[in-house]
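Trainee: To start, I am sharing the structure in question, which I have written as C-alpha cells.
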Amino acid sequence: MAIRGSADKELSAALHAGERLGWSGRPRLGIHLGTGDALSVPLSCAWLGFALHWERHALRVDDGGFFAACGLAFVVAGMHLVFGRFVSQAIRRRNTCYGLTDERAIIVSGTFSRQVLSLDLQSLDELTMSERQDGSGSICFGAVRNMSAGVGVWLGSSWPGVARHLPPAFEMVEDVRTVYEKIRVARRTRG
C-alpha cells in the first residue's frame with residue numbers, strides 16, 4: 001500500500017515554484033512475477049542448473065582451476081537470474097515514488113542516488129494503461145522502443161537489460177484507472 005506522506009515528502013523537492021501535487025503514490029512492494037517471467041524463470045533455472053552441473057564437474061577434474069573459476073561466474077550469473085533480479089527489482093520499487101501535477105508526471109527513484117524523471121504531459125505521444133483484476137496496474141508514458149530486438153517477449157519481466165527499452169511508467173500502482181483518468185484530465189485541461 002502506498003505511504004502517501006513519505007511519497008509527498010520525496011516529491012516536494014521536485015516540484016516547481018507554485019506547482020501543486022495532485023496525486024502521489026508508490027509501486028507495490030515485495031517480489032512480484034510479471035507476464036514475461038513465465039518464459040524467463042524456466043530459462044533462468046535451466047541456466048543455473050547447467051552452471052551448477054558444469055561447476056561440479058569442473059571441481060572434480062580441473063587441477064588448474066580455470067574451468068572451475070569460469071563455472072563459478074556462470075553460477076553467480078544464474079543465481080542472479082533466478083533470485084537476485086527479483087530482489088533488486090523489489091529494492092528499486094521500494095525506493096521509487098510517483099507524482100502527478102497539472103503539468104507533469106514525476107518519477108523519483110534511486111537506491112544509492114536520487115534520480116528525478118519529469119514528463120511533460122502535453123508532449124506525450126502515447127499513454128497506455130494495463131489493469132489487473134484487483135484494480136492495480138501500470139501506466140506507460142510513450143511507445144516501446146526497439147521491438148525488433150525481441151524485447152516484446154520480455155515485457156512485464158524483470159529480466160536484466162529490458163528496462164532500457166521500455167518507456168517510463170508508473171508501475172504496479174493501486175487503483176490504476178483513477179490515476180489514468182487524472183492524467184487524461186490534466187492533459188485535456190492544459191491542452
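The values are calculated or read from the model by the stated rules, or taken from the named source; none is laboratory data. All of these numbers come straight from a predicted model, not from anything done at the bench. As a convention, Cβ positions derive from the backbone with ideal geometry for all residues, glycine included, and neighbour counts pool all protein chains shown.
Trainee: Does residue 56 count as touching a residue at least 24 places away in the same chain (Cβ under 8 Å) and either among the basic types (Lys, Arg) or in the same structural domain as residue 186 (by TED's automatic domain parsing) (or both)?
Mentor: So residue 56 fails the test.
Trainee: Considering only residues of segment 116-146 that are charged (D, E, K, R) and not in a strand (DSSP E or B), which is surrounded by the most Cβ atoms within 10 Å (Cβ to Cβ)?
Mentor: Filtering first and then ranking leaves 145.
Trainee: List the number of the failed condition for residue 111; all other conditions in (1) touching a Gly at 6+ places or on another chain (Cβ under 8 Å); (2) closer than 21 Å to residue 28 by Cα; (3) of a type outside the set (A, V, I, L, M, F, W, C) hold.
Mentor: The one condition residue 111 does not meet is (1).
Trainee: Something else now. Just one of the numbered conditions (1) of a type outside the set (D, E, K, R); (2) surrounded by 14 or more Cβ atoms within 10 Å (Cβ to Cβ); (3) in contact (Cβ under 8 Å) with a residue 24 or more places away in the chain is not true of residue 35; which one?
Mentor: Only one criterion is unmet by residue 35, namely (2).
Trainee: Something else about it: Which residues, taken from segment 147-191, are surrounded by 20 or more Cβ atoms within 10 Å (Cβ to Cβ), at pLDDT below 80 and either outside any loop (DSSP other than H, G, I, E, B) or assigned by TED's automatic domain parsing to the domain that holds residue 85 (or both)?
Mentor: Selection gives 154 alone.
Trainee: On the basis of being in the same structural domain as residue 176 (by TED's automatic domain parsing), more than 13 Å from the chain's Cα centre (by Cα) and modelled with pLDDT under 90, does residue 22 make the cut?
Mentor: Judged against the criteria, residue 22 is a match.
Trainee: Scan segment 90-102 for residues that are farther than 12 Å from residue 7 by Cα and either at pLDDT 90 or above or buried (at least 21 other Cβ atoms within 10 Å of the Cβ) (or both) and report the count.
Mentor: Number satisfying all stated conditions: 1.
Trainee: Go through segment 99-130 and give me each residue that's under 23 Å from residue 177 (Cβ atoms) and of a type in the set (Lys, Arg).
Mentor: 104
Trainee: Yes or no: segment 35-56 includes at least one residue that is in contact with a Pro (Cβ under 8 Å, 6 or more places away or on another chain) and on the phi < 0 side of the Ramachandran plot.
Mentor: No, because not a single residue in segment 35-56 is in contact with a Pro (Cβ under 8 Å, 6 or more places away or on another chain) and on the phi < 0 side of the Ramachandran plot.
Trainee: A further question follows. Between 68, 90, 105, which is of a type in the set (Gly, Ala, Ser) and more than 27 Å from residue 9 (Cα to Cα)?
Mentor: When all the criteria are applied, what remains is 68.
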